[in-house]
Every structure is written in C-alpha cells, then in structure tokens.
Amino acid sequence: EPEVTQTPSHQVTQMGQEVILRCVPISNHLYFYWYRQILGQKVEFLVSFYNNEISEKSEIFDDQFSVERPDGSNFTLKIRSTKLEDSAMYFCASRQGRKLFFGSGTQLSVL
Amino acid sequence: EDQVTQSPEALRLQEGESSSLNCSYTVSGLRGLFWYRQDPGKGPEFLFTLYSAGEEKEKERLKATLTKKESFLHITAPKPEDSATYLCAVQASTSGGSQGNLIFGKGTKLSVKP
C-alpha cells in the first residue's frame, strides 16, 4: 500500500541552525501538509501546499518556516534558525478526498 | 474559538470489555469530524469521517457516531491490538479551502489487557 515517507526519522540540531525535513507524499496526491506535535500536546496544523504554492498556513508558520516542492516527488519543510521551542515531531501528510495520509514523522530535537 | 476536547485522557480495558471514547467540539461551522488512530512513534492513521448529526460509521470493532456537540467512538469487545491513542479532529468552516486544516484533540490513550 502506498505511504508517505519522511526522512530523517530523528534530527538533532543546535539552536540557530537551519534544518530541512523531507517528505515523499503518495505519488498521485495533489495536496500536501505539515503538522507538528510537541511532546504531550495536540497535533497542530502548520501549512498546506497545492499547485506549488501555500494555500493555507497557521500562526505557528512564521517567517522562519518555508516549504518547497523541489521536484516531482519531494516536499520539504525548512526552519531557518531553529529555536528550543521548535523541538517536536513533525508530520507530513498528503490528501486524497477527505482522507489525510500521514508519514511516521521526524523527531526534531533542538539543543 | 474552535476547540476539540477528548475524554477520558486514558482508558484501561480488559480484553472483551466494551467502552466508548468521547470527543466534544465547539466550532463555528462543522465541515467534518475525523477519527484517527495513532500508534507510538507513528503518524495518525485515518479511521472515519462524519459530516452530519446522526451519522454513524463502522469498521470492525469500532463504531463512530456524531451529534451536534460531540462524537463517540464505541469499541466493542476490544482486543490488545486495539491499544493505541485515538485522536479526534474537526474541520471548521473558518478554515481555508485546503480541507486539510484540522483541529485535533489531545487524544485518548487506550490500553487493552489480555
């Protein structure tokens, strides 16, 4: 069964460094999303992406964040200058109909 | 403010002991209510979508129902493999057109003992 793939599964970085989280959505899906989950808290919407542009973003998704679809398969989330509070599990998702299909996530730890 | 509250936070059942999980929501206009299952270290896995009060969906031992204020996930004769965190999420009319902007609850962690 097709699935959303995320790499790396764990990422450790120093505060102020840039990180890029990578995702390969399911191949025939057109809508892509990033969510995050801080330990012990709710899953939170960050951004949605369609037709090579952001279609919606939350208040969390400030100027430090950016998304890109650099080729026909990858979808990336970049955090320019990481903060301690960016430590979380980041989930990529793609949508078919009303169903969101989530990847297994990247655990980001900012030290 | 749109909000989703799930209860209980944690639930321990014996195998075969049926129970229900609750999801209460406050949204300006409900476009859809979703149930997901999340296993440790994994992303949420889609279970059901409900759109209007009175609607019900079933899958194996799970049955989801919806009223104007809450949804229930009924688990009949659970097995240990049903152990997971069950997440409820809503899409509100105030969200944009992406249809993927979901507001999640904190989840109910279900443990089923053999």
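Using only Cα atoms, figure out Rg for chain B and give it as a multiple of 2.2 N^0.38 Å. Could the numbers behind the result be given before it?
Details: Rg = 13.7 Å, N = 114, 2.2 N^0.38 = 13.3 Å.
Against the compact-globule rule of thumb, the ratio is 1.03.
Grab the alpha carbons of the protein assembly as shown, take their convex hull, and tell me the volume per residue in Å³. If you can, show how the numbers build up before the last one.
Values: hull volume 27.6 nm³, N = 225.
Convex hull volume per residue, Cα atoms: 123 Å³.
May I ask you to derive the relative contact order of chain A, considering only C-alpha pairs under 8 Å and at least 6 residues apart, and to give it as an integer percent? Mind showing how you got there, number by number?
Values: 267 pairs, mean separation 43.0, N = 111.
Relative contact order for chain A comes out at 39 percent.
Going down the table (B:Lys69/B:Lys106; A:Lys83/B:Lys109; B:Lys79/B:Lys109), which pairs top 22 Å between alpha carbons? Write down the numbers at each step before the final one.
Working: B:Lys69/B:Lys106 17 Å; A:Lys83/B:Lys109 29 Å; B:Lys79/B:Lys109 14 Å.
Check vs 22 Å cut-off fails for A:Lys83/B:Lys109.
Given the whole protein assembly as supplied and a 1.4 Å probe, what does the accessible area of B:Asp2 come to in Å², nearest 10?
Its heavy atoms expose roughly 40 Å² to the probe.
Which value in nm describes the separation of the simple spin-label points at B:Lys42 and B:Thr94, placed 7 Å from the Cα toward the beta carbon?
If labels sit at B:Lys42 and B:Thr94, their model points lie 3.3 nm apart.
Of A:Tyr50, A:Ile60, A:Gln6, whose Cα points farthest to the positive end of the dipole of region A:1-65 (charges on the beta-carbon: +1 Lys, Arg; -1 Asp, Glu; origin at the Cα centre)?
A:Gln6
Can you sort B:Glu1, B:Glu58 by solvent-accessible area, 1.4 Å probe, largest first? Numbers along the way, then the final one.
Working: B:Glu1 195, B:Glu58 140 Å².
Greatest to least solvent exposure: B:Glu1, B:Glu58.
Roughly what would the spin-label model give for B:His74 and B:Glu60, points 7 Å off Cα along C-beta, in nm?
1.9 nm
What average number of partner chain Cβ atoms lie no more than 10 Å from the Cβ of the residues making up B:35-43? Walk me through the numbers before you get to the answer.
Numbers: counts 0, 3, 0, 4, 1, 0, 5, 6, 16.
So the per-residue partner count for this stretch is 4.
Quote the charge dipole size of the protein assembly as shown about the Cα centre in Debye, to the nearest 20; the model charges only the Cβ of Lys and Arg (+1) and of Asp and Glu (-1). Intermediate results must be reported in sequence, preceding the final value.
Working: 25 positive and 27 negative charges, 61 e Å.
I would put it at about 300 debye.
What average count of beta carbons from other chains do you get within 10 Å of the Cβ of residues in A:93-99?
Numbers: counts 5, 1, 3, 1, 2, 9, 6.
Other-chain Cβ atoms within 10 Å of each residue's Cβ, averaged: 4.
The values are calculated or read from the model by the stated rules, or taken from the named source; none is laboratory data. Computed from a predicted model, the values in this text were never measured in an experiment. Neighbour counts are summed over all protein chains in view; Cβ atoms, including those assigned to glycine, are modelled from backbone coordinates with ideal geometry. Note: areas computed on protein heavy atoms with side chains; ligands, DNA, RNA excluded. Shrake-Rupley method; radii C 1.70, N 1.55, O 1.52, S 1.80 Å.
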